[in-house]
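Some notes on the structure that comes next.
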Amino acid sequence: MIRREFITLLGGAAVAWPVAARAQQIMPAMGFLGSTSPDADVDRLRGFRQGLKESGFVEGENLMIVYRWAENQPDRLPELATELARRQVTLIAATGGALSAFAAKAATATFPILFAVAQDPVKLGLVASLSRPSGNLTGVNFFAAELTAKRLELLRELVPGLARVAVLVNPANATTTETTLRDVEATARALGLQIQVLNASTSREIDAAFATLIRDRLDALYLSGDTFFTSRRVHLATLTVRHGIPAAFPLRDFAEAGALMSYGASLTDAYRQIGIYAGRILKGAKPADLPVVQSSKFELVINHQTARMLGLTVPASVLARADEVIE
């Protein structure tokens with residue numbers, strides 16, 4: 001009897017030992033620095049987690065992710081980045097644009113950093129080159145500014161007689177604003193369009209910009225890519241529909257919220273690439289050996305319902321090129 005009980009106990013212990021050993025294993029932890037909020041980044045987070053999964057990592061199973069969200073308050077980013085660095089995370093995914101990337105870069109020169117930026121990261125000074133980033137940073141360039149000409153061309157196709165375009169920028173984001181205005185002015189000259197620059201860094205200033213747009217009888221609106229504007233996408237889309245303003249936006253979020261059209265890189269796919277790179281770094285790769293990924297998946301989304309409300313007939317050629325038509 002004693003011997004049988006001993007064997008039973010031993011067998012039970014043999015089963016328990018691997019479980020206990022697994023429980024004692026410490027999962028790697030990475031940091032995620034977001035400039036907006038988890039609610040605003042649902043689709044992008046889905047893409048990020050998909051990229052991690054493709055690399056063999058699943059949050060909660062073999063990876064811990066420490067999230068820090070700035071909630072559309074860019075001045076909080078340096079503090080949050082420093083907090084992640086102090087947590088001794090394996091790497092930091094600094095998402096939401098150049099401000100997040102620079103905050104993470106200032107916080108640590110040792111931990112790997114992955115960025116997702118709209119501008120050329122070489123010109124920004126984040127990396128030495130696209131093919132050989134050097135240092136502790138690499139990531140994804142999703143080409144918001146470089147698509148300026150295409151957006152304006154599409155807007156001209158959609159709006160007969162287009163002549164005067166309002167360009168809304170966020171002066172608080174100086175780097176993006178400078179790049180946007182340079183590209184818009186060059187493209188507008190080539191297309192024979194006049195532009196009028198409007199500034200907004202708060203919701204109240206957005207309302208004031210629209211009041212100016214309406215007062216000056218401008219034909220359409222072109223929006224600069226900016227995380228603040230993305231966080232106010234419903235507000236912006238609603239104003240364009242309410243006042244009958246055709247508008248071109250950089251992300252599908254705006255067309256889904258009711259605006260006329262959007263053309264830009266798929267941020268869900270860009271974040272998937274960040275997830276893939278995070279997995280490679282967790283397996284031992286160095287940022288310096290991972291070339292900056294340049295987005296290759298772009299989306300044209302037409303809100304056909306909004307077009308009809310604005311009294312616009314979307315050309316068949318544009319509908320044929322659209323990746324999605326919202327009815």
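Each value in this text was obtained by applying a stated rule to the coordinates, not by laboratory testing. As the structure is a computational prediction, the values presented were derived from the model and not from experiment. Cβ placement follows ideal geometry from the backbone for every residue including glycine, while neighbour counts extend to all protein chains displayed.
Taking the range 253-271 only, how many residues are farther than 16 Å from MET309 by Cβ and buried (at least 24 other Cβ atoms within 10 Å of the Cβ)? It would help to see each step written out before you state the result.
So in the range 253-271, the residues farther than 16 Å from MET309 by Cβ come out as 253, 262-271.
If we keep only those that are buried (at least 24 other Cβ atoms within 10 Å of the Cβ) as well, we get 262-265, 267, 270-271.
Qualifying residue count for the region: 7.
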LEU221 meets each of (1) buried (at least 24 other Cβ atoms within 10 Å of the Cβ); (2) not in a strand (DSSP E or B) with one exception, condition (2)
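Please state which one of ALA209, ALA248, ALA237 is touching a residue at least 24 places away in the same chain (Cβ under 8 Å), part of a helix (DSSP H, G or I) and not β-branched (Val, Ile, Thr). Please lay out each step first, then the result.
On the way: ALA248 fails: part of a helix (DSSP H, G or I); ALA237 fails: touching a residue at least 24 places away in the same chain (Cβ under 8 Å).
Result: ALA209 is the single residue among ALA209, ALA248, ALA237 that is touching a residue at least 24 places away in the same chain (Cβ under 8 Å), part of a helix (DSSP H, G or I) and not β-branched (Val, Ile, Thr).
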Checking LEU114 against (1) touching a Ser or Thr at 6+ places or on another chain (Cβ under 7 Å); (2) crowded, with 22+ Cβ neighbours inside 10 Å; (3) part of a helix (DSSP H, G or I), the condition it does not meet:
(3)
